[in-house]
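To start, the structure under review is shown below, and the notes come after it.
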There are 2 protein chains.
Amino acid sequence: MKQYAIPHYLVKLLELGAYNKFIKISTSFLKDHFEMSQQSCSRIINELYSKEYIKKEIIHGGLNVMVTSKGIDYIIETKEYFNLALTKPGYFEMEGRLFTGLGEGSYYMSKRPYKKAFYRKLKIDPFPGTLNLRLEDEKYEKINFRLSKLKGTYIPGFQDQSRTYGPVKCFKAIIEDEYEGAQMFAIRSHYEKNVIEIISSFHLRKELNINDGDLVKVKVYLNNAFID
Amino acid sequence: MKQYAIPHYLVKLLELGAYNKFIKISTSFLKDHFEMSQQSCSRIINELYSKEYIKKEIIHGGLNVMVTSKGIDYIIETKEYFNLALTKPGYFEMEGRLFTGLGEGSYYMSKRPYKKAFYRKLKIDPFPGTLNLRLEDEKYEKINFRLSKLKGTYIPGFQDQSRTYGPVKCFKAIIEDEYEGAQMFAIRSHYEKNVIEIISSFHLRKELNINDGDLVKVKVYLNNAFID
DNA sequence: ATTACTAGGGAGCGAGTAT
DNA sequence: TATACTCGCTCCCTAGTAA
């Protein structure tokens, strides 16, 4: 069954009362509720079961089913995903765990051409150091992937005596609902799909009193230009 | 595209900012966001457009799209459908417009065997007259259809000198969040899929001060037995 | 560079049926 | 009665490509 259909079937089971308790059903009974054949209802129930969205007991003349808390969470997540887009369009939210990177970020951010461009285009006077967050939820990795495909604010690269510094692109962001900053992507360079890099005018580790391993919430705002 | 997928695609467009304003996109740009091929994105955009969930303008080198208020409503409806099942499992909600039936309801309700059975099984001393509601939304017709397939509380039929009265089944209901009653289905008899019939101990037209043409909200509660 | 048509392949659906 | 398997058939998805 299609991913998008899962919460709908779970909701129909909830409507029938399968919330925190088993209900007695049969797959042919379900066909009017799922608007599917008995065979497909059987398949759907087994898929929901194998994905652990429902508990199932085969009894004489039917089954007992109950939506699991994983199933409930999945409905809630879907609902909140809709809600977020309705209340904050043009905006993505991610959460990741703080970790210490290679220190490259602070090296880059101390370079004058970057500093000047960040200030001019984003009004950010970058603190010498970036916040590295590791995304632990697949849904945030997907968001990060989608962001990587958007245009963002372009910060050009440059050279000094010793080496070349590549261009980056940024999206304005709010960290922990409080501090302004930006998510930064290196363009034409390795990008780890489960890592995001945040810059800010502030020393966020100090200001937010956060340490490696802490979960940090980031809201990323889009510009209005999508096609590169 | 599958019905269940529609709100997901609309939400992705909202995330990109297509809320109350046009965004410039291309179908190949969308493929990372929809997780579909360019060709399917094209098809999806056109399906959303033909169903009036989005507005579309073809421009040089792409399209401008914007989610319509019908699209927004559809997302909200889906979200609230999930929410209702989460907060009130084992419960359906419908809304219909009051109309005057053939008066059969009041005739039936005045029959002693029915009155006694309603009181014994549902603690309802039926007011001689039923509330007929015409469902105007397809989603409520679907709910009514699904209810018609559930077991409900059985009220047996009977005979008097002149004729036979068929059995009915009932589901406890709350009318306008205030008055208790029940939705009644005739068993083995014609059933209009867009009409529901409500009984109550109260004269609801008077108590609620409602007249033909008024919208009336009904919450129907399920018993715990599903298979007939 | 676009959109979107056509054609082929694959996934999903339901009828029939074994258990 | 059930569940759930196999097997066609259909529909949907994508690759190729026209416009």
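Details
- Of the strands (runs of 3 or more DSSP E) lying entirely inside segment A:28-108, those containing at least 1 residues that are more than 30 Å from A:Ala182 (Cβ to Cβ) and more than 16 Å from DNA strand C (Cβ to nearest atom) are A:54-59, A:62-67.
- Scanning segment A:179-199 turns up no residue that is modelled with pLDDT of 95 or more, of a type in the set (Lys, Arg) and closer than 30 Å to B:Val65 by Cβ.
- Segment A:21-35, subset more than 7 Å from every other protein chain (Cβ to nearest Cβ) and away from DNA strand D (no atom under 12 Å from the Cβ), residue surrounded by the fewest Cβ atoms within 10 Å (Cβ to Cβ): A:Lys21
- Some residue of segment B:188-196 being more than 14 Å from every other protein chain (Cβ to nearest Cβ), of a type in the set (Lys, Arg) and out of contact with any Gly (no Cβ under 9 Å at 6 or more places or on another chain): no
- Sub-6 Å Cβ pairs linking a first residue in segment A:36-49 that is within 14 Å of chain B (Cβ to nearest Cβ) to a second residue that is within 9 Å of DNA strand D (Cβ to nearest atom), at least 6 apart or interchain, are A:Gln38/A:Thr27; A:Gln38/A:Ser28; A:Cys41/A:Thr27; A:Cys41/A:Leu30, ordered by first then second residue.
- Of the residues making up segment B:9-20, those that are in a helix (DSSP H, G or I) and either within 14 Å of DNA strand C (Cβ to nearest atom) or surrounded by fewer than 21 Cβ atoms within 10 Å (Cβ to Cβ) (or both) number 2.
- Restricting segment B:66-105 to residues that are under 30 Å from B:Ala186 (Cβ atoms) and of a type in the set (Gly, Ala, Ser), the residue that is surrounded by the fewest Cβ atoms within 10 Å (Cβ to Cβ): B:Gly103
- Checklist (1) among the aliphatic types (A, V, I, L, M); (2) in contact (Cβ under 8 Å) with a residue 40 or more places away in the chain; (3) within 13 Å of DNA strand D (Cβ to nearest atom) applied to B:Val65, failing item: (3)
- The lone exception for B:Arg188 - which of (1) under 24 Å from A:Gly17 (Cα atoms); (2) surrounded by fewer than 23 Cβ atoms within 10 Å (Cβ to Cβ) it fails: (1)
- Selection status of B:Ile6, in contact with a helix residue (DSSP H, G or I) (Cβ under 7 Å, 6 or more places away or on another chain) and surrounded by fewer than 21 Cβ atoms within 10 Å (Cβ to Cβ): yes
- Just one of the listed residues (A:Asp212, A:Asp228) is in a loop (DSSP other than H, G, I, E, B) and modelled with pLDDT of 95 or more, namely A:Asp212.
- Residue tally, condition part of a loop (DSSP other than H, G, I, E, B), of a type outside the set (Gly, Ala, Ser) and surrounded by fewer than 18 Cβ atoms within 10 Å (Cβ to Cβ), over segment A:147-162: 5
- Unmet criterion (only one of (1) modelled with pLDDT of 95 or more; (2) part of a loop (DSSP other than H, G, I, E, B); (3) within 14 Å of chain A (Cβ to nearest Cβ)) for B:Asn144: (2)
- Test result for B:Ile6, outside any loop (DSSP other than H, G, I, E, B), within 30 Å of A:Gly71 (Cβ to Cβ) and within 16 Å of DNA strand C (Cβ to nearest atom): yes
- Scanning segment A:126-143 for residues that are loosely packed, with under 14 Cβ neighbours inside 10 Å and touching a residue at least 40 places away in the same chain (Cβ under 8 Å) returns A:Glu136, A:Asp137, A:Lys139.
- B:Leu86 being within 14 Å of chain A (Cβ to nearest Cβ) and without any contact (Cβ under 8 Å) to a residue 60 or more places away in the chain: yes
- Checklist (1) of a type outside the set (A, V, I, L, M); (2) outside the structural domain of A:Val11 (by TED's automatic domain parsing); (3) within 16 Å of DNA strand D (Cβ to nearest atom) applied to A:Phe82, failing item: (3)
A quick yes/no check of all residues on (1) over 13 Å from the mean Cα position of the chain (by Cα); (2) under 28 Å from A:Glu77 (Cα atoms):
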| site | (1), (2) |
| --- | --- |
| B:Tyr53 | yes, yes |
| B:Ile58 | yes, no |
| B:Leu63 | yes, no |
| B:Val67 | yes, yes |
| B:Lys70 | yes, yes |
| B:Ile76 | yes, yes |
| B:Leu86 | yes, yes |
| B:Glu93 | no, yes |
| B:Leu98 | yes, no |
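The values are calculated or read from the model by the stated rules, or taken from the named source; none is laboratory data. It should be emphasised that the depicted structure is a prediction, and the values quoted were computed from it without experimental measurement. Virtual Cβ from ideal backbone geometry, glycine too; neighbours counted across all protein chains shown.
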